[in-house]
Amino acid sequence: MRDAGDDGEVILDVVFDRGLLFLVLANLGDRPARSVRVTFNRPFTGVGGAKRMHRLALFRKLEFLAPHKSIEVFLDRSAAYFARGEPTELTARITWRTPDGERRRATIVHDLEIYRDLGYIEREVPRAGQT
């Protein structure tokens, strides 16, 4: 008998790492997720304002997400994101199908405002040929 938890949970998380913001789409379950779709409650941009993040193909037409797999997407430097006045409260509505064709959904609310005041140390990126 299959435990209902085996179908897992597909989530969208926000990761803050030394002043950088990432969106992470992850399948926490033991079985694949199919036809994964993520819709956001409002439009927002990343990568210096150049990318409409809510319209990325990853969020609109991911047909297969393996068990325990995550896909990390660079959102922006936190200072740039906040300076542009991008929305800080984001709601992600995630839908997917189990291998048996059953529909699943989750709604996750993130408040990016919690990252605004965090201090961090920027690392210098070594130039080519330097170690």
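The values are calculated or read from the model by the stated rules, or taken from the named source; none is laboratory data. As the structure is a prediction and not an experimental result, all values here were calculated from the model. Here Cβ is always computed from backbone atoms with ideal geometry, including for glycine, and neighbour counts include all displayed protein chains. Quick note on the areas: whole protein, heavy atoms, side chains included, nothing else; ligands and nucleic acids left out. Shrake-Rupley method; radii C 1.70, N 1.55, O 1.52, S 1.80 Å.
Suppose we flag GluC sites (Glu not before Pro) only when DSSP calls them loop and at most 13 other Cβ atoms lie within 10 Å. Which is the longest uninterrupted stretch of the chain?
With a cap of 13 other Cβ atoms within 10 Å, the longest stretch comes to 1-101.
Would you tally the net charge around residue 61, using a Cβ to Cβ cut-off of less than 13 Å, leaving residue 61 out, and scoring K and R as +1, D and E as -1?
On the way: positive: 34, 37, 55, 60; negative: 63.
Here the charged neighbours net out to +3.
After finding the eigenvalues of the alpha carbon gyration tensor for the stretch 19-84, what semi-axes result from the square roots of 5 times each, listed largest first in whole Å? Walk me through the numbers on the way to the answer.
Working: eigenvalues 125, 35, 12 Å².
Result for the stretch 19-84: semi-axes of 25, 13, 8 Å.
How much area per residue is accessible in the chain when the probe is 1.4 Å and only protein heavy atoms are counted (Å²)?
Per-residue accessible area for the chain comes out at 62 Å².
Which value, in nm² and rounded to one decimal, describes the direction-averaged projected area of the C-alpha convex hull of the stretch 55-109? Don't skip to the answer; put the middle values down first.
Values: hull surface 19.3 nm².
Averaged projected hull area, Cα only: 4.8 nm².
How large is the helix-only mean residue ellipticity at 222 nm for the chain, computed as the sum of -39500 (n - 2.57) over DSSP H runs with n ≥ 4, divided by its residue count, in deg cm²/dmol to the nearest 500?
Numbers: 2 runs with 10 residues, N = 131.
For the chain, the value works out to -1500 deg cm²/dmol.
Find, among the chymotrypsin sites (Phe, Trp or Tyr not before Pro) in the stretch 35-119, those assigned to loop by DSSP (not H, G, I, E, B) with at most 11 other beta-carbon atoms within 10 angstrom. All intermediate terms of the calculation are to be shown ahead of the outcome.
Details: sites: 40, 44, 59, 64, 74, 81, 82, 96, 115; in loops: 44.
Of the chymotrypsin sites (Phe, Trp or Tyr not before Pro), not one in the loops of the stretch 35-119 has a Cβ with at most 11 other Cβ atoms within 10 Å.
Probe radius 1.4 Å, ligands and nucleic acids ignored: give me the carbon and sulfur share of the accessible area of the chain as a rounded percent. Don't jump to the answer; show the numbers that get you there.
On the way: 3970 of 8160 Å².
Of all accessible area on the chain, carbon and sulfur atoms account for 49 percent.
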